[in-house]
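Q: Encoded as structure tokens, here's the structure I'll be asking about.
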Amino acid sequence: MGDEMIVALAIVAGGLGALARFEIVERVAGPNPRLQPWATLIVNVAGSFVLGLVVAQLDVDGRAILGTGFSGGFTVYGGHVLEVVEQVERRERLLAACNVIASIAAGTLAAAFGIVAGGA
């Protein structure tokens with residue numbers, strides 16, 4: 001597969017990942033901004049698991065398309081950081097700290113599980 005095709009497919013996959021993220025966040029959080037961080041956590045942990053599967057199962061092209069493309073469009077680091085800052089601004093410091101720790105720990109474990117599951 002040529003580089004141009006891989007880039008095009010990664011762009012399409014990224015768009016699909018972003019649409020999937022939007023749909024999940026809307027269903028989990030809806031109009032409630034207090035639920036937004038938890039919707040983001042769900043998306044990022046699921047995306048980490050998918051990325052682990054992709055790394056374990058696919059070649060370089062597949063990793064570029066589904067890892068960089070879909071998982072990159074699906075997960076949302078910038079949104080997570082903004083939500084943590086908003087929690088701190090609302091003086092929800094313990095909640096913000098738990099959010100950061102849970103995101104890192106759960107995301108790392110999910111990626112590891114994805115790699116193990118993909119290699120099994």
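Q: So how much slack lies between Glu23 and Glu89, counting 0.36 nm per residue of separation and subtracting their Cα-Cα distance, in nm? Working shown, then result.
A: Working: separation 66, 0.36 × 66 = 23.76 nm, distance 2.71 nm.
Working it through step by step, the gained length comes to 21.1 nm.
Q: Give the angle, between 0 and 90 degrees and rounded to the nearest 10, that separates the Cα long axis of helix 36-57 from the longest principal axis of the Cα atoms of the chain.
A: It works out to around 20 degrees.
Q: Starting from the Cα-Cα distance between Arg34 and Phe113, subtract it from 0.36 nm times their residue separation and give me the gain in nm to one decimal. Walk me through the numbers before you get to the answer.
A: On the way: separation 79, 0.36 × 79 = 28.44 nm, distance 2.87 nm.
Between Arg34 and Phe113, full extension yields 25.6 nm more.
Q: In nm, what is the difference between 0.36 nm times the number of residues separating Ile11 and Ala97 and their Cα-Cα distance? Write out the running numbers ahead of the final one.
A: Values: separation 86, 0.36 × 86 = 30.96 nm, distance 3.35 nm.
Value of the extension gain: 27.6 nm.
Q: Moving on. Hey, in the GNM for the chain with a 10 angstrom Cα cutoff, which one of Gly62, Gly78, Gly14 fluctuates hardest?
A: The residue with the greatest mean-square fluctuation here is Gly78.
Q: Calculate how steeply helix 3-29 sits against the longest principal axis of the alpha-carbon atoms of the chain, using the helix alpha-carbon long axis, and give the answer as 0 to 90 degrees to the nearest 10.
A: Its long axis makes an angle of about 30 degrees.
Q: At 222 nm, what value in deg cm²/dmol follows for the chain if DSSP H runs of at least 4 each add -39500 (n - 2.57) and the sum is divided by all its residues, to the nearest 500?
A: So the helix-based figure for the chain works out to -26000 deg cm²/dmol.
Read-outs: derived from the displayed coordinates by stated rules, not from any lab. The model shown is predicted, which means the values in this text are computed figures rather than measured ones.
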